[in-house]
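In what follows, a single structure is set out as structure tokens and then discussed.
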């Protein structure tokens with residue numbers, strides 16, 4: 001489903017060139033869960049950003065169902081994110097002044113959906129993320145765990161087939177991390193492909209994880 | 001589209017404090033700008049309307065840098081000039097009204113001269129001339145009336161001519177308010193009375209006015225006048241118009257310059273605010289981009305959001321300015337525009353509302369405002385969303 005070929009990413013400033021990713025090759029199948037371990041600055045987030053078509057690589061290709069998303073214009077990349085990708089960030093970024101329901105509207109209002117379809121999608125996502133009871137509350141009053149579940153609900157509300165999680169448990173306590181892992185299991189059961197970057201040891205003991213990879217200094221081991 | 005509008009409405013209501021602050025500030029700035037433009041337009045309109053009936057030429061005897069009374073005999077000379085239709089003498093001058101320390105303009109008219117009356121038609125319209133001339137009467141401007149009333153000169157006023165005699169004139173009527181800018185400090189009376197009060201000798205007039213039927217010949221006639229009388233100042237109607245135009249354009253220009261400084265400061269504050277990527281708005285843009293919004297969609301959405309706020313401010317500002325200028329008579333601004341020297345301050349402004357004024361206000365304020373918001377937003381939009389919210 002996702003095929004990454006010879007992917008490189010460098011950042012250049014006036015004096016130095018930093019090679020964040022060095023010749024990455026990776027395949028992720030449909031319904032597969034892959035965890036990428038690595039320390040801070042190893043290139044995990046950069047790799048996920050490229051897979052989500054948020055960032056362009058310096059060279060290489062990312063084929064999603066045989067289409068190279070690297071060559072996408074902003075319009076195509078946005079459509080790809082809108083229809084196929086759910087992105088879960090480590091910082092729980094939500095529009096704080098809005099209710100949870102209204103936060104989930106953001107990915108849906110750009111789709112050609114009726115009001116009823118929108119409400120159904122929100123209801124389903126909130127049920128799956130186990131936060132339906134907070135639907136009409138403002139997210140600024142939420143705890144860390146609730147915010148993370150809200151982020152998950154927003155990431156899956158448009159029913160994407162690729163879920164990308166960038167250090168999802170970095171700001172959660174153990175209890176909330178376990179709840180999050182339960183949710184990932186459910187998403188796998190729904191047939192999603194999931195790519196997680198983390199340095200949380202908790203993932204290593206989970207049997208629903210199909211593959212664990214390690215990234216160091218921009219190279220995948 | 002409806003879903004987007006619904007989302008837009010939610011954002012507007014949720015962030016109402018921020019939007020309200022921008023709305024209030026913008027409304028004030030637009031109201032100030034609009035007031036200046038309305039005031040300037042209204043004054044020009046009033047002045048032009050009044051000047052429309054003025055003679056084509058005003059001729060004054062001018063020696064050694066001083067204006068002297070003009071010999072009445074010159075009128076016949078000018079009538080001989082080809083292209084001149086009518087020539088008549090005017091008697092006018094300033095009267096110092098000591099109780100209020102104000103100067104009034106006394107204008108003497110020959111009420112049986114149809115050309116003169118035509119020129120002053122706007123001021124003396126509807127006056128029964130026979131009735132007016134039955135005794136020593138005068139028609140006064142609104143400010144003159146105000147100052148007369150203040151010192152209980154309700155029915156008449158006693159002038160002291162230079163020959164130390166006494167001239168008692170009755171107040172016959174007050175001018176119409178539409179012509180206030182030119183007439184508020186004016187007193188109109190019969191020529192003979194004016195001559196006595198101002199001390200203008202028989203055989204002389206204050207100046208001479210000429211009418212020419214063919215406006216194409218104005219320059220030729222001016223040349224002939226110059227050649228025939230070198231000791232004479234020739235003022236064309238267009239010169240007077242230009243004088244007023246320059247005066248109010250200058251005052252309006254000074255205001256617009258000051259306003260520009262305020263606007264630039266406002267723009268800088270906005271720019272700075274949006275340049276600070278840590279703001280709520282930058283995060284909002286990043287979240288929308290992560291959710292699959294295209295750059296164009298984000299910009300259109302934010303443009304619409306701000307356009308609603310600024311358009312509301314635009315119409316509110318214009319409404320406030322209209323009310324301030326045309327209903328309240330622009331307190332404070334009026335003093336700056338009209339000054340105290342010749343033109344008194346109880347003037348009321350006649351509404352002048354043109355599409356070009358509205359477009360000008362839109363271009364001066366709304367456009368820079370939207371650009372000041374859109375450019376930084378665009379900068380945020382093209383960044384990687386994860387970088388913006390990190």
Expressed in nanometres to one decimal, the distance between label points 7 Å along Cα→Cβ at residue A:111 and residue A:175 is 3.3 nm
Suppose R0 equals 51 Å; then what is the FRET efficiency for residue A:91 and residue B:48 from their Cβ-Cβ distance, rounded to the nearest 0.05? 0.20
So for A:71, A:78, fewest C-beta neighbours within 10 Å to most, what's the order? A:71, A:78
In nm, the gap between the two label points placed 7 Å beyond Cα toward Cβ at residue A:10 and residue B:80 is 9.9 nm
Using a Förster distance of 35 angstrom, determine the FRET efficiency expected from the C-beta separation of residue B:308 and residue A:30, and round it to 0.05. 0.20
Stokes-Einstein, Kirkwood over Cα pairs, region A:181-221, 10 °C, 1.306 mPa s; D in µm²/s equals 138 µm²/s
With Kirkwood's inverse mean 1/r over C-alpha pairs for Rh, give me the Rg to Rh ratio of the protein assembly as shown, two decimals please. 1.29
Find the centroid of the Cα atoms in region A:108-159 and in region B:31-87, then give the distance between the two in whole Å. 76 Å
The FRET efficiency for residue B:1 and residue B:350, from their Cβ-Cβ distance with R0 = 35 Å and rounded to 0.05, is 0.20
Relative to the longest principal axis of chain A, what angle (0 to 90°, nearest 10) does the C-alpha long axis of helix A:115-128 take? 70 degrees
Pop a pseudo-label 7 angstrom from the Cα along the beta-carbon direction at both residue A:159 and residue B:227 and give the gap in nm to one decimal. 9.6 nm
Round to the nearest 10 and give me the degree value, 0 to 90, for the angle of helix B:218-228's Cα axis relative to the longest principal axis of chain B. 40 degrees
The residues A:165, A:8, sorted from fewest to most surrounding Cβ atoms within 10 Å, come out as A:8, A:165
Name the most mobile residue of A:144, A:38, A:86, meaning the one with the largest mean-square fluctuation, in a Gaussian network model of chain A with Cα contacts below 10 Å. A:144
Once both axes come from the Cα atoms, what is the angle between helix A:144-156 and the longest principal axis of chain A, in degrees from 0 to 90, rounded to 10? 80 degrees
Taking the Cβ of each residue in B:360, B:198, B:355 as the centre, tally the other Cβ atoms inside 10 Å and list the residues starting with the fewest. B:355, B:360, B:198
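Only the coordinates and a few stated rules stand behind these numbers; no lab work does. Since the structure is predicted, the reported quantities are computational estimates derived from the model, not experimental observations. Positions of Cβ are backbone-derived with ideal geometry, glycine not excepted, and every protein chain shown enters the neighbour counts.
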